[in-house]
């Protein structure tokens, strides 16, 4: 298993975000994308997830000996980002069932998963009644639902209390695939188990 970024460049009209970013990350490693706000961290993670096309270069995910590019990577990704939304008008159980059905998964024991992520007893509550931190926890359940080999975490600590941050640390440490983390917080760099990209320099 390997994630390869080959000379990734992204520009918007009148603005160059980054240029010629290349890195290789192997199974069991964590790639940290570090930089200040506005440096292009979220843009790069969207390119890795194939939600945004690069201006130049390509992303390759080698899985089981096969090189995957573009939207072919999507089934292997778990993504947590502030841009990802859950349905406020549905309960947590309804959100989980909906996303499982859309993904073609048969998942049981949602009560156990909610308890594991600090949401015990809240499965029948509308997500609109959740705090921002509780919604973030629900996003993690959704992202990990299919045991993704490629886990992409965009500012993973946002809206979380200390217990929630500890939960994320455990997820990153225990994930046996490839994990990509964006952050502008230096203390989060202790996750480094492989490679780092620094943007905005």
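The values are calculated or read from the model by the stated rules, or taken from the named source; none is laboratory data. Keep in mind that what you see is a predicted model, and the values were worked out from it rather than measured. Methodologically, a virtual Cβ is constructed for each residue, glycine included, from the backbone with ideal geometry; neighbour enumeration extends over all protein chains shown.
For the stretch 80-104, the candidate set comprises residues that are loosely packed, with under 12 Cβ neighbours inside 10 Å and under 22 Å from the mean Cα position of the chain (by Cα); within that set, the residue that is farthest from residue 145 (Cα to Cα) is 83. For the criterion of being closer than 19 Å to residue 167 by Cβ, out of contact with any helix residue (DSSP H, G or I) (no Cβ under 7 Å at 6 or more places or on another chain), exposed (fewer than 14 other Cβ atoms within 10 Å of the Cβ) and at pLDDT below 95, residue 132 passes. Of the candidates 152, 126, the single residue that is at pLDDT 95 or above and more than 29 Å from residue 36 (Cβ to Cβ) is 126. Residues that are loosely packed, with under 15 Cβ neighbours inside 10 Å and in contact (Cβ under 8 Å) with a residue 24 or more places away in the chain within the stretch 1-19 comprise 2, 7, 11, listed in sequence order. Flag set for residue 33, criterion: in contact with a strand residue (DSSP E or B) (Cβ under 6 Å, 6 or more places away or on another chain), buried (at least 18 other Cβ atoms within 10 Å of the Cβ) and closer than 23 Å to residue 160 by Cβ. Out of all the residues in the stretch 80-111, which are more than 14 Å from residue 140 (Cβ to Cβ) and part of a helix (DSSP H, G or I)? Within the stretch 80-111, 93, 94, 97, 98, 100, 101, 102, 111 qualify.
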